[in-house]
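The values are calculated or read from the model by the stated rules, or taken from the named source; none is laboratory data. Quantities reported herein were computed from a predicted structural model and do not represent experimental measurements. Glycine also receives a Cβ, built like all others from the backbone with ideal geometry; neighbour counts cover every protein chain displayed.
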């Protein structure tokens, strides 16, 4: 919103220049965001908060300046010639709740023409188009004192009457913007004897507007119910300077002065005669109740010892008449333009504002309570620092995904958005995977081929009428390991493609800190994964993670040009488990013995089976049994693989003898043979 | 090892002097020539070997052979020489041990100006890092940490924060709504929270004063993405409610936090604003951290503060008594303040980022700068 400081100075003698005025208005709560132009053409870009419709005009800001600098505010200069006769226009307010007051005034014999330059220039400086002397008069008054008014071509109104009523079903109105609108029975309209001629407080009618042919004018200035105006403005999608003010609350006492001021401006430029007195119908009086303000409460909230005199002075400067009451209590009358001030606390804010926020001391309140962390803080820290240490970069992606992705990457029912930013962002994410794939693709398209990313965030699903939110974490992995090294010292730092097992290892690292009885992996991962290179991690019977290589077809659809690995860890489920309590184990005192087993197995013999069968031998001294090397190829034969396994044997109580180690090795060999394993020469 | 112990016939002092210095110089020459452990062993055995070592020879050829009157003098000299030999052997060993041989070490030397082998560690996201920093500042002031849902009801996001239905202040929030809510009463309708302020209400509903919490989290607005706007961003909200909490306490707390985040020379400036859930309300500016509040930098107007010397950073105020009505607090007995700040905005300032979108692409070229 633009205002002219030169226009403001019509109403107050400013003791400061425009730049300082801008700064000091801002500090008192009427924010000037920018200044442009020079001298009389200086323009303030204002940012007036919703609660201050009274300051959305020049006189209102002048009033602030008058309070701020304690200089007099000049009255609005409204002088009318004497009127002739009596107007027979009647006003019929059928809904006093929604239209408590309606003022009208009749002018006859006007010449419609361009506005005089002083009016047109001021409007144009602030970016408003000058139209004609009658319409400009209403705009001028709106920017001068903040009250929206309207002018009708009186000869186009039927029945010499205005009725304020709800629209009837099926009624239509072509508004000033030329749009033919279907009215709802919720709409409040100004109507003549036959038809609606204006959408109350929002926009006037096209068919009764002022034209070059207009001779006789009816001026309207009313007070409309803010909620009604707002609903109509929303319903019809029209936001006007008038609706902006009415929905925030207009000055009840301004209907007559604004009508008169419009009349004055029209008569001055277009001639004509004033017919009768203003027709002012008050259907319901809106009184702002006085507010009791206690100085002790002022101190309790503000913490500064303001004395009675200072408080009285501030309120008086603001135009709030004050009556002393009992002890430190005062009765403060609220001026009609300050609909936002209803309660003691509102008055306290006015006192603080005018006293100057910067004058208050800065103190720190004492406190002796506990400090509570989030319940999962320790688990979160652990998870996050593990991922950072593993080389994953932390990311944040958008919370919205497309409906297709929401369904493709999750079986839960998605929550759609009523007013999405785009089709691609029209559902709440049901999984972090699509966002992760987008981020991986973003990097691959920019020639960053080795990427590790993670994102921790919420995913959402509909559950009946409710929205469920659960914590999840996604890992994304692609490219080569040690790629960064080859850029520097290549020697000895072999680079290789990242694989499923790199991701699985990271998942294992993530799960390791959590206490559990059982943890196993199966192949039942969702279909967007490569069916042979994906897994689920099942911790004490609950799936806590699913991970693997993204299905090549999906990778291709998303323009991922290389193998991409993604894990999703369901933190809400994982965090059901406590962090493992660490208990020290005595260090081994006797040497360990290693034995290697080189065997060829059929492809369908999985390691899990081999492992279980060897540990099934219940050799207490068997400390570990790990695969060291896997080989496939012609030498081994189709459908088979060669596996080098290493057993570590150790006792807590003595050094192992060769003969007993040989015996265990033989037992292991037998077990491997039983799985169809054939010892390699 | 050319040296061997001479048989002495003349045991006079000058003769002994000559023989001793001959041995000493042979010893130091031999010691200096030792370059490897193998050589050292030969050297040690030659001089100290029990059978046929120089010391044994000295004993036999000098001491035992000396005539009675000279024995004392010879014995003394032999002892001295023995000490010398032992010291030489010891120091030679020490020299060998500190570095096998200069030649070998030279062969093993590296170009230490080559870059080191680095194991990449992941980078913290600048927004989350900043959010954690803000939270830490308040935790040190005794604030507990709370979180709330990202999908909220109209009640928590608006009504209980004193945004009545159909209030124009709702327009400033650019809300994204969940579809299919029309059949519900307005207060139960779901939307994406536009601020972290609902967590205030949830906190006050579950506990009585004194309350002191910070609520970090993600919020959403219906803003198309550009260099300065994102539909997703983060806020940290704070709330302190107790008996005797005043506007001065709000000022002091915010001032302290801004100094903790941006440095002790930063100044804060409070001016009136409007939020439905606080009264009085304030916007807070900090003195521009780029031009030290001067408005001028590098001889021209400071771009970061538009030459004003101030940067707007957060909103705050005393909790509006109407809010207490929604959580059954007695507004006559307690008072409190709330504040909220945008994390991205602070991260942008701290790191000089010029496009907010960089935070949400997962671009490793950007992220790794924060490693």
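Before moving on, here are some points about what is shown:
- Residue B:236 vs. criteria free of Cβ contacts under 8 Å to residues at least 12 places away in the same chain and more than 10 Å from every other protein chain (Cβ to nearest Cβ): no
- Close pairs from region B:176-198: first within 15 Å of residue A:461 (Cα to Cα), partner loosely packed, with under 14 Cβ neighbours inside 10 Å, Cβ under 7 Å, at least 6 apart: B:177/A:419
- Of all residues in region B:88-112 being free of Cβ contacts under 8 Å to residues at least 12 places away in the same chain and not in a helix (DSSP H, G or I), the one that is farthest from the other protein chains (Cβ to nearest Cβ): B:99
- Under the condition of being within 13 Å of chain B (Cβ to nearest Cβ), exposed (fewer than 15 other Cβ atoms within 10 Å of the Cβ) and either outside any helix (DSSP H, G or I) or at pLDDT 95 or above (or both), the residues counted in region A:289-311 number 1.
- Residue satisfying all of: in region B:340-358; within 13 Å of chain A (Cβ to nearest Cβ) and in contact with a strand residue (DSSP E or B) (Cβ under 8 Å, 6 or more places away or on another chain); farthest from residue A:343 (Cα to Cα) among these: B:356
Each row is one residue, and each column tells you yes or no for (1) assigned to a loop (DSSP other than H, G, I, E, B); (2) under 23 Å from residue A:532 (Cβ atoms).
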residue	(1), (2)
A:591	yes, no
A:597	no, no
A:600	no, yes
A:613	no, no
A:633	yes, yes
A:641	no, yes
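- Near pairs, Cβ below 9 angstrom, 6+ apart or cross-chain, from region A:9-31 (more than 13 Å from every other protein chain (Cβ to nearest Cβ)) to any residue that is part of a strand (DSSP E or B): A:11/A:73; A:12/A:73; A:18/A:35; A:18/A:44; A:21/A:32; A:21/A:44
- Only one entry of B:145, B:117 meets the criterion of being modelled with pLDDT of 85 or more and within 7 Å of chain A (Cβ to nearest Cβ), and that entry is B:145.
- Members of region A:45-89 found to be surrounded by fewer than 17 Cβ atoms within 10 Å (Cβ to Cβ), within 14 Å of chain B (Cβ to nearest Cβ) and modelled with pLDDT under 95, listed by number: A:47
- Qualifying helices (runs of 4 or more DSSP H) (wholly inside region A:335-450; at least 3 residues being crowded, with 20+ Cβ neighbours inside 10 Å, out of contact with any helix residue (DSSP H, G or I) (no Cβ under 6 Å at 6 or more places or on another chain) and modelled with pLDDT of 95 or more): A:344-355, A:433-444
- Helices (runs of 4 or more DSSP H) enclosed by region B:290-371 - at least 1 residues per element that are in contact with a helix residue (DSSP H, G or I) (Cβ under 9 Å, 6 or more places away or on another chain) and farther than 25 Å from residue B:255 by Cβ: B:321-326, B:364-367
- Positions within region B:148-172 being away from chain A (no Cβ under 11 Å), within 41 Å of the chain's Cα centre (by Cα), without any contact (Cβ under 8 Å) to a residue 60 or more places away in the chain and not in a loop (DSSP other than H, G, I, E, B), in sequence order: B:156, B:157
- Checking region A:113-124 against the condition returns no match, with no residue being assigned to a loop (DSSP other than H, G, I, E, B), closer than 25 Å to residue A:283 by Cα and in the same structural domain as residue A:275 (by TED's automatic domain parsing).
- Being assigned to a loop (DSSP other than H, G, I, E, B) and either touching a residue at least 12 places away in the same chain (Cβ under 8 Å) or surrounded by fewer than 24 Cβ atoms within 10 Å (Cβ to Cβ) (or both) is a description that applies to residue A:286.
- First in region B:113-127 and without any contact (Cβ under 8 Å) to a residue 60 or more places away in the chain, second anywhere and assigned to a loop (DSSP other than H, G, I, E, B) and surrounded by 10 or more Cβ atoms within 10 Å (Cβ to Cβ), Cβ under 6 Å, 6 or more apart: B:114/A:489; B:115/A:488; B:117/A:489
- When residue A:189 is tested against (1) in a loop (DSSP other than H, G, I, E, B); (2) under 37 Å from the mean Cα position of the chain (by Cα), exactly one condition is not met: (1).
- Hey, residue B:222 within 13 Å of chain A (Cβ to nearest Cβ) and surrounded by fewer than 18 Cβ atoms within 10 Å (Cβ to Cβ) or not: yes
- Applying the condition of being within 21 Å of residue B:169 (Cβ to Cβ) and either within 11 Å of chain A (Cβ to nearest Cβ) or surrounded by fewer than 21 Cβ atoms within 10 Å (Cβ to Cβ) (or both) to region B:194-216 and asking which residue is nearest to the chain's Cα centre (by Cα) yields B:215.
- All positions within region B:248-276 that are in contact (Cβ under 8 Å) with a residue 12 or more places away in the chain and closer than 21 Å to residue B:144 by Cα: B:249, B:250, B:251, B:253, B:254, B:255, B:256, B:257, B:258, B:260, B:261
- Checked against (1) outside any strand (DSSP E or B); (2) surrounded by 21 or more Cβ atoms within 10 Å (Cβ to Cβ), residue A:177 passes all but condition (2).
- Any hit, region A:453-464, residues being buried (at least 22 other Cβ atoms within 10 Å of the Cβ), free of Cβ contacts under 8 Å to residues at least 40 places away in the same chain, more than 8 Å from chain B (Cβ to nearest Cβ) and at negative phi: no
- Residue that is touching a helix residue (DSSP H, G or I) at 6+ places or on another chain (Cβ under 7 Å), free of Cβ contacts under 8 Å to residues at least 24 places away in the same chain, surrounded by 15 or more Cβ atoms within 10 Å (Cβ to Cβ) and under 17 Å from residue B:3 (Cβ atoms), where the choices are B:54, B:78, B:85: B:78
- So residue A:245, is it under 30 Å from the mean Cα position of the chain (by Cα), assigned to a helix (DSSP H, G or I), within 14 Å of chain B (Cβ to nearest Cβ) and surrounded by 15 or more Cβ atoms within 10 Å (Cβ to Cβ): yes
- Output for region B:34-48, where each listed residue is under 13 Å from residue B:94 (Cβ atoms) and assigned to a helix (DSSP H, G or I): B:37, B:40, B:44
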